[in-house]
Amino acid sequence: MTSPGHRLALENAEAWLYPGVFPPPDAAKHFKALYETLAWQETTINLFGRQMKSPRLSCWYGDKPYTYSGLTWQPRTWPQELAEIHIRVGQIADTPFNGALVNLYRDGRDSMGWHADDEPELGPDPIIASVVFGTTRRFVFRNKSNKTQKLEVPLTDGDVLVMGPGTQTNWLHAVPKSTKPVGPRINLTFRWIEK
């Protein structure tokens with residue numbers, strides 16, 4: 001049974017947090033399988049006109065190619081473990097997904113800078129579902145038109161965050177670096193590629 005979700009206090013956006021969707025034994029099993037079997041890559045991305053190494057490991061699984069920050073991922077068949085998670089997350093979000101960008105944050109030095117998932121192939125107002133396995137990290141939203149307006153959400157092992165209408169249009173999000181010693185974290189972001 002899915003734990004009840006609660007809506008986050010984001011102006012002009014719908015985002016819902018579902019804590020502990022995957023209970024600890026399932027989350028641990030998924031983390032181990034994904035960590036050991038996915039095709040992790042250290043990528044080079046184009047950020048503000050500069051080529052730089054991405055501060056995390058990543059991989060893409062899905063039915064279509066996906067491009068962001070000057071990097072194009074080719075389609076790759078869903079492994080069984082990822083396919084099971086894909087089905088469950090689609091049920092929670094009540095929306096279809098045909099791809100997942102998976103990131104491995106090895107420790108507190110790995111991070112994700114401010115961005116919105118607003119690439120053209122995602123459509124005008126995409127729904128993105130994010131799943132976390134492993135260490136809790138800070139997940140921060142910042143309003144695009146008012147940088148002082150922020151919301152911090154600690155995402156914990158087994159949580160699902162569904163970023164719905166208005167979220168990518170009106171808000172940025174990030175996973176900041178941590179100065180505290182933290183263990184690894186796997187984050188899966190499910191999305192629908194239109195083109």
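The values are calculated or read from the model by the stated rules, or taken from the named source; none is laboratory data. Just so it is clear, the structure is predicted and the values come from calculations on it, not from any experiment. Cβ atoms come from the backbone with ideal geometry, glycine included; neighbour counts cover every protein chain shown. When the accessible area is computed, the model is the full protein with side chains, heavy atoms only, and any ligands, DNA or RNA have been set aside. Shrake-Rupley method; radii C 1.70, N 1.55, O 1.52, S 1.80 Å.
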- Of residues in the stretch 9-61 being of a type in the set (S, T, N, Q) and over 18 Å from L101 (Cα atoms), the one surrounded by the most Cβ atoms within 10 Å (Cβ to Cβ): N12
- Query: Restricting attention to the stretch 127-155, which residues are more than 25 Å from Q91 (Cβ to Cβ) and either open to solvent by 30 Å² or more (accessible area, probe 1.4 Å) or aromatic (F, W, Y) (or both)?
  - Reply: T135, R138, R142, K144, S145, N146, K147, T148, Q149, K150, L151, E152
- Query: Do you know which residues across the stretch 144-195 are of a type in the set (K, R) and in contact (Cβ under 8 Å) with a residue 60 or more places away in the chain?
  - Reply: K177, K180, R185, R191, K195
- Task: Pull up the stretch 157-195, narrow it to residues that are in contact with a helix residue (DSSP H, G or I) (Cβ under 6 Å, 6 or more places away or on another chain), of a type in the set (A, V, I, L, M) and open to solvent by less than 10 Å² (accessible area, probe 1.4 Å), then point me to the one that is nearest to D94 (Cα to Cα).
- Result: V160
- Complete set of residues in the stretch 122-174 that are more than 20 Å from G20 (Cβ to Cβ) and among the charged types (D, E, K, R): D125, R142, K144, K147, K150
- Query: Does the stretch 1-22 hold any residues that are in contact (Cβ under 8 Å) with a residue 40 or more places away in the chain and over 17 Å from P154 (Cα atoms), and which are they?
  - Reply: T2, E11, N12, A13, E14
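Can we say T44 is closer than 22 Å to S111 by Cβ and without any contact (Cβ under 8 Å) to a residue 60 or more places away in the chain?
For T44, the condition - closer than 22 Å to S111 by Cβ and without any contact (Cβ under 8 Å) to a residue 60 or more places away in the chain - is met.
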- Looking at the stretch 94-126, which of its residues are open to solvent by 20 Å² or more (accessible area, probe 1.4 Å) and not in a loop (DSSP other than H, G, I, E, B)? M112, G113, W114, H115, P120, E121
- Test K64 against the criterion of being within 18 Å of L122 (Cα to Cα) and open to solvent by 30 Å² or more (accessible area, probe 1.4 Å), and give yes or no. yes
